[in-house]
Amino acid sequence: MQTLKIKKLCPSATLPSRATPQSAGADLHACIEAPLILPRGGIAIIPTGIAMEIAPGLAGFVFGRSGLGVRHGICPANAVGVIDCDYRGEVKVGLINHGKADYTIQPGERIAQLVLLPVALAEIVEADSLSDTSRGTGGFGSTGKV
C-alpha cells in the first residue's frame with residue numbers, strides 16, 4: 001500500500017478519510033472557521049488546511065462527492081482537480097453550486113474526494129504526420145451514438 005504524507009497547515013484541519021476500507025476516494029474536508037454560503041450559481045474556493053506529498057508517478061485527482069452533486073448540485077468547478085506530485089501548497093477545492101438554492105458549507109464538512117492514480121509522463125514531440133486508424137479523424141458522434 002502507498003503512503004500519502006499529509007501536513008496540517010491549520011490546527012482545525014481534518015485529514016482525508018475513507019468512508020469504508022475499500023473506498024477509492026478519501027474525503028476532503030472544508031477547513032473554514034464559520035459556515036460559508038455558496039449562492040446558487042456561485043463559485044468558491046474552499047481551503048482544506050492540508051498539504052500533501054504525493055509519490056512520483058502518481059497524481060491526486062479531486063472528484064465531487066456524489067451526494068453533494070446529486071442532492072444539492074455542488075460539484076468541483078473545474079470538473080476534476082489535478083494535484084501534481086511536486087505540489088506542496090495547500091489543497092483547495094473550487095466548488096460551484098449548480099443547484100436551485102443557496103447551499104451552506106459547514107466547517108469540517110466533506111466537500112470532495114481525493115483519488116490517487118498513476119500518471120504516464122510522455123515526452124511531447126511535434127510530428128508532421130500521425131499513424132492511420134480505422135476511426136481516423138471521426139470525432140463527436142462518429143461512433144454511431146450522438
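Free of Cβ contacts under 8 Å to residues at least 12 places away in the same chain and assigned to a loop (DSSP other than H, G, I, E, B) - does that describe any residue in segment 74-83?
yes
Any chance segment 51-63 includes a residue that's among the β-branched types (Val, Ile, Thr) and farther than 20 Å from Pro118 by Cα?
No, because not a single residue in segment 51-63 is among the β-branched types (Val, Ile, Thr) and farther than 20 Å from Pro118 by Cα.
Among the residues in segment 86-93, are any in contact (Cβ under 8 Å) with a residue 40 or more places away in the chain, within 20 Å of Leu38 (Cβ to Cβ), open to solvent by 100 Å² or more (accessible area, probe 1.4 Å) and not polar (S, T, N, Q)?
Yes - at least one qualifying residue is present in segment 86-93.
Among (1) buried (at least 20 other Cβ atoms within 10 Å of the Cβ); (2) aliphatic (A, V, I, L, M); (3) assigned to a loop (DSSP other than H, G, I, E, B), which single condition is Ala101 missing?
Every condition holds for Ala101 apart from (1).
Restricting attention to segment 109-137, which residues are surrounded by 14 or more Cβ atoms within 10 Å (Cβ to Cβ) and in a loop (DSSP other than H, G, I, E, B)?
Glu109, Val119
Hey, among the residues in segment 27-64 that are assigned to a strand (DSSP E or B) and among the charged types (D, E, K, R), which one's least open to solvent (accessible area, probe 1.4 Å)?
Looking at the filtered set, the residue picked out is Asp27.
So, Asp132, is that one modelled with pLDDT of 95 or more and among the acidic types (Asp, Glu) or not?
No; evaluated as a whole, the condition is false for this residue.
The values are calculated or read from the model by the stated rules, or taken from the named source; none is laboratory data. Since the structure is predicted, the reported quantities are computational estimates derived from the model, not experimental observations. FYI the Cβ positions are ideal-geometry reconstructions off the backbone, even for glycines, and counts take in every protein chain you see. Just so you know, the surface numbers come from the protein's heavy atoms only, side chains and all, with ligands and any DNA or RNA stripped out. Shrake-Rupley method; radii C 1.70, N 1.55, O 1.52, S 1.80 Å.
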